[in-house]
Amino acid sequence: MSRDGLVLPEPQAWPMRIFAVWRRHQRVYFKFLVANVIPPFLEPLMLLLALGLGLAGYIGSIGGGTYTIFLAPGMIAISAMYSATYETTYGTFIRMEYEKIHDAILASPTSFLEMFMGEVIWVCCKCSIFSLGVLLVVASFGLIPSWWALLAVPTGFLCGMVFALMGLLVTSQVREINNFNFYMTGIITPMFFFSGVMFPLDSLPGFLKYACLCLPLTHVVELMRSFCAGILEVGLLWHLLVLMGYCAGLWPVVVTLLRRRIVV
Amino acid sequence: MIRASSTEPIIRARGLTKYFGPVRAVDHIDFEIYPGECFGMLGPNGAGKTSTMRMLYDFSPRTAGELAVFGLDPAGKNSVRVRQGIGVVPQSDNLDLELTVRENLEVYAGYYGLSGQRLRQRVESLLEFMSLGEKADATIKQLSGGMKRRLTIVRALIGEPRLVVLDEPTTGLDPHARHQIWKALRELTARGVTIVLTTHYMEEAQRLCDRLVIMDQGKILQQGIPEDMIREHLPRLVLETGLEDLDDDWRKKDLRFEYYGDQVFFLADREEDFSCLSFRDGGKKKIIRPSSLEDLFLKLTGRVLDE
């Protein structure tokens, strides 16, 4: 109660405030579901089809299975990576610079951190949805031998978190939308080629192999591949820890830099 | 407005200051805003109006000074609590372009914790309040500038705020749309909502505001009740004319004047006082009108408001 005798209304609890932001993004996204889901969903499938049909015959077996079975988990990983990346680079930039959506949310009873969490968690959920979608399609081709493959859904969430934070880090620094091209070509494309999606990293020379182990997508691919094959071993914890380490390291930096960018 | 002297202000600013890097946007300003009044911040672009406003709802962290809104510091642990009681209309519309009019209100209501039946009733009554009912299912792209503005205003009202801050609510709108918004704002003050608005239209300030501050370059030049401010600082009438229509000896007359560009403004209490002036071409272009806030601003700064 303030001194003028007016009782200030109580804001809703903070989890609900995060959920309100999450719900905003979800609502806008589902408004154009077909246009938003179909193209990014088809991309990894086309890749799978092209490489699976065109290349698999020359390769024989990798890791005890066909090349197509080797490729399928990687498709789940890259769909999550691209989904999070586009959403937090071009998507967030447009919301921030042109539509001023963040200004609108921050004028309501929502703190910066709540707004940030609502956006990041939405992106993670979107990645989970994509992971599940691609998983179901590749499974329908008989490429997924194990039910443990459903763990691709939480793995997609974690992958989304890492790439959402990376995307937002770039967005906090980019002043001109075309500059995202540098990030796409310089970081995301190499990630796509050198994370063991299309060939086992063991075939690379030593130093390059270790360099690839620094890429977060490598660990996402390893997890996806193991889960799809139904292999659950303690060694997977290492990949999980690396990804969580990326999140923990990026989180405070991204919150600080993005706040500085949006709140002036 | 009649106000008991014991009433606590809803907003109190002391030495409020905002720097953007080395640039001083707001420079040690003091003001109080009381419950139920319509308070204006009048000034040209760059006067510090928007920066001041953004500090009120803690969008912008202040550089120095004290600020209390509802008796609480808006920048701190009470930030969200303070904003629960404020509705904000920003300078440029920031609606969700992909959503319809109704969906925009529903999404925004979510931030205030409204849901279910309460949300639906609130949305319907607000659509009606701003005559947007017919456009409820239109997307934002289908709306005119005036409609977008009206939607941004009702969106700010969704949480039933007791304080509404509006940054240039009618800039760029046609006279009809402007009058619609003025009418709505008067209805709000009639219901006891406190309004803070910035404007560079003196007509808007004079029509709506119980009290106002005139700002320039981050400072408050004058504050008070509009009519009192004009009466205190200016003669009753202004004769406005072009420099080229005046005979050359006009500066020698015993009349107060201000000028801006090639316009000259003579000030006097009675119409007869202007009779000493002589004009080329019979003075067809001269206008005699009551003095206004615009003239006061010119007198204080040597510039016009809406350049």
Can you tell me which of A:41, A:32 is under 30 Å from residue B:137 (Cβ atoms), facing chain B (nearest Cβ under 10 Å) and not aliphatic (A, V, I, L, M)? A:32
Can you name the residue in region B:118-131 that is under 15 Å from residue B:95 (Cβ atoms) and at pLDDT 95 or above and, of all such residues, is farthest from the chain's Cα centre (by Cα)? B:123
Just checking: which of the helices (runs of 4 or more DSSP H) contained wholly in region B:161-252 hold 3 or more residues that are out of contact with any helix residue (DSSP H, G or I) (no Cβ under 8 Å at 6 or more places or on another chain), of a type outside the set (A, V, I, L, M, F, W, C) and without any contact (Cβ under 8 Å) to a residue 60 or more places away in the chain? B:175-190, B:226-233
Please pick out the residue among A:20, A:84, A:50 that is touching a Cys at 6+ places or on another chain (Cβ under 8 Å) and not in a loop (DSSP other than H, G, I, E, B). A:84
Condition set over 26 Å from residue A:104 (Cβ atoms) and free of Cβ contacts under 8 Å to residues at least 24 places away in the same chain, scope region B:20-60, selection farthest from the chain's Cα centre (by Cα): answer is B:22
Please determine, by comparing only the residues of region B:49-75 that are of a type in the set (Val, Ile, Thr) and buried (at least 18 other Cβ atoms within 10 Å of the Cβ), which one is farthest from the other protein chains (Cβ to nearest Cβ). B:52
Test: residue B:13 is within 10 Å of another protein chain (Cβ to nearest Cβ) and modelled with pLDDT of 95 or more: no
Could you check, for region B:125-134, whether at least one of its residues is under 28 Å from residue B:31 (Cα atoms) and hydrophobic (A, V, I, L, M, F, W, C)? no
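Can residue A:237 be described as surrounded by 19 or more Cβ atoms within 10 Å (Cβ to Cβ) and outside any loop (DSSP other than H, G, I, E, B)?
Working: surrounded by 19 or more Cβ atoms within 10 Å (Cβ to Cβ): no; outside any loop (DSSP other than H, G, I, E, B): yes.
Taking the combined requirement at face value, the residue does not satisfy it.
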If a residue must be closer than 30 Å to residue B:73 by Cα, among the hydrophobic types (A, V, I, L, M, F, W, C) and at the interface with chain A (Cβ under 7 Å from one of its Cβ atoms), how many such residues does region B:88-101 contain? 1
Of all residues in region A:227-250, which are free of Cβ contacts under 8 Å to residues at least 12 places away in the same chain and of a type outside the set (A, V, I, L, M, F, W, C)? A:233, A:235, A:245, A:249
Let me spell it out: the conditions are (1) among the hydrophobic types (A, V, I, L, M, F, W, C); (2) more than 20 Å from residue B:201 (Cβ to Cβ); (3) modelled with pLDDT of 95 or more, and residue B:165 meets all of them except one. Which number is the exception? (2)
For region B:76-87, pairs from a residue that is more than 7 Å from chain A (Cβ to nearest Cβ) to a residue that is surrounded by fewer than 24 Cβ atoms within 10 Å (Cβ to Cβ) and part of a helix (DSSP H, G or I), with Cβ under 7 Å and 6 or more apart or across chains, are B:87/B:156
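The values are calculated or read from the model by the stated rules, or taken from the named source; none is laboratory data. Values in this document were obtained by computation on a predicted structure and should not be read as measured data. With ideal geometry, Cβ positions are generated from the backbone for all residues, glycine too; neighbour counts draw on all protein chains shown.
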